[in-house]
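The structure appears right after this line, and notes come after that.
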Amino acid sequence: MIHQLKKGITYAESQDADAKVRATVESMLKAVAEGGDAAVREYSANLDKWSPVSFRLSPAEITNIIEGLPKQVIDDIIFAQAQIRNFAQHQLAALKDIEVETLPGVFLGHKNIPVNSVGCYIPGGRYPMVASAHMSVLTAKVAGVKRVIACTPPINGAIPAATVAAMHMAGADEIYLLGGVQAVAMMALGTETVRSVDMLVGPGNAYVAEAKRQLYGKVGIDLFAGPTETLIIADDTCDVETCATDLLGQAEHGPTSPAILLTTSKSIAEGIEAEIERQLTVLPTADVAGVAWRDYGQVILVDTVDELVQEADRIASEHVQVMTENPRYFLEKMTNYGGLFLGEKTNVAYGDKVIGTNHTLPTREAAKYTGGLWVGKFLKTCTYQEIRTPEASAMIGEYCSRLCAIENFAGHQAQADLRVRKYK
């Protein structure tokens, strides 16, 4: 039996806000497409109070920024990037070009070709997301992308030094201090001074996510992203303090971030509200996390482990943290999740910042049809064909001719018939 003890706002119920975002973004993209650099500068000045001589940082500026950071910050970035690079390299090694002789004289294959240019958006604002530089810029470079440009906004008129350092250390070829829709538009559409890219990646607020959605087709994107989501799966082997800590740890991303507790433990389900209220009294980001929990938090109590799996797959959360007696059971049985975090010793923050897997993951139930950002997203798997003998060309041609006739494709049939006449 499934009992919904706390219900949050659903995505369907928030569509009015989405419509307003769509209209705003559409007008901004049109303005940048028509106005180029001038429009980008106007939006940056109005929205971020930021209008430097050049949005692009020079090599000397980057060096000065990095030299001003404490050694511990640089060392920690180096450690995190080593983990992300290592896992991405292992993923890349699993992707192989192939060529096979499927029939005598008929050779088919595919090549994994890196995208030529990628634009990475690194969010700023209240949370300067240093880790997003590792996840996007570094992973693209491991994949072999030749040109990677990266944008991050200033924070209250100041340069986010650690983010700039991470972007540079990850391998960004161009770094721009520019945020919001104007940054995404500049990268995707190009301006008088910035060449457009072939693909956009990276998280952002609702406006950035909507800009990527509207630009999809003009450029590729990593994901259709929404607010950060977390699902905690727990049984009686866990405790209410850990569940509340890990729910709030992701709810602080934003006031519309769903945080869901799914449990077979009646004591945890009934105790979670009081424990969250207790933690909110001391959590520095309670103003955000508390709103997210109040409006989007859910508590679901079920009777069996199978119901845990069933409900988790229905929810298809971005982050799924499993704190049960046998967490690997969920690895075996679950099919819909962005990232799976197994056992109490693991947590979502590790994945967000340092452990090595990518933190750009599917939201809004997109886990039902896609995984997250990884080295393979920057590769195009392109097929090729080659027939090396006349006998093979004639044989394939006879089949092709008859199949074209069934579909009334006379021009296609002529291509096949020509080879049959030439080579039979």
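The values are calculated or read from the model by the stated rules, or taken from the named source; none is laboratory data. This structure is a prediction, so every number in the text was calculated from the model and none was measured. Note that each Cβ is placed from the backbone with ideal geometry, even for glycine, and that neighbours are counted across all protein chains shown. The protein model used for the area step is the full one, side chains on, heavy atoms only, and it has no ligands, DNA or RNA in it. Shrake-Rupley method; radii C 1.70, N 1.55, O 1.52, S 1.80 Å.
Worth pointing out:
- For the stretch 378-424, taking the residues that are closer than 19 Å to Val100 by Cα and in a loop (DSSP other than H, G, I, E, B), the one that is nearest to the chain's Cα centre (by Cα) is identified as Arg388.
- When His134, His168 are screened for being open to solvent by less than 30 Å² (accessible area, probe 1.4 Å) and either at pLDDT 95 or above or part of a strand (DSSP E or B) (or both), only His134 passes.
- Leading residue by the ranking (farthest from Asn156 (Cα to Cα)) among those in the stretch 31-84 that are among the β-branched types (Val, Ile, Thr) and either open to solvent by 70 Å² or more (accessible area, probe 1.4 Å) or assigned to a loop (DSSP other than H, G, I, E, B) (or both): Ile78
- In the stretch 332-346, the residues that are within 15 Å of Glu311 (Cα to Cα) and assigned to a loop (DSSP other than H, G, I, E, B) form Cβ pairs under 7 Å with partners that are open to solvent by 40 Å² or more (accessible area, probe 1.4 Å) and charged (D, E, K, R), at six or more places apart or across chains, as follows: Asn336/Lys368.
- Flag if Gly271 is surrounded by fewer than 20 Cβ atoms within 10 Å (Cβ to Cβ) and not in a loop (DSSP other than H, G, I, E, B): yes
Residue-wise test of (1) closer than 18 Å to Ser265 by Cα; (2) assigned to a strand (DSSP E or B); (3) touching a Gly at 6+ places or on another chain (Cβ under 6 Å).
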{"position": "Glu325", "(1), (2), (3)": "yes, no, no"}
{"position": "Tyr329", "(1), (2), (3)": "yes, no, no"}
{"position": "Leu361", "(1), (2), (3)": "no, no, yes"}
{"position": "Gly371", "(1), (2), (3)": "no, no, no"}
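- Of all residues in the stretch 287-296, one or more are surrounded by fewer than 20 Cβ atoms within 10 Å (Cβ to Cβ) and out of contact with any Ser or Thr (no Cβ under 9 Å at 6 or more places or on another chain).
- Taken together, the residues in the stretch 178-193 that are open to solvent by 10 Å² or more (accessible area, probe 1.4 Å) and out of contact with any Gly (no Cβ under 9 Å at 6 or more places or on another chain) amount to 0.
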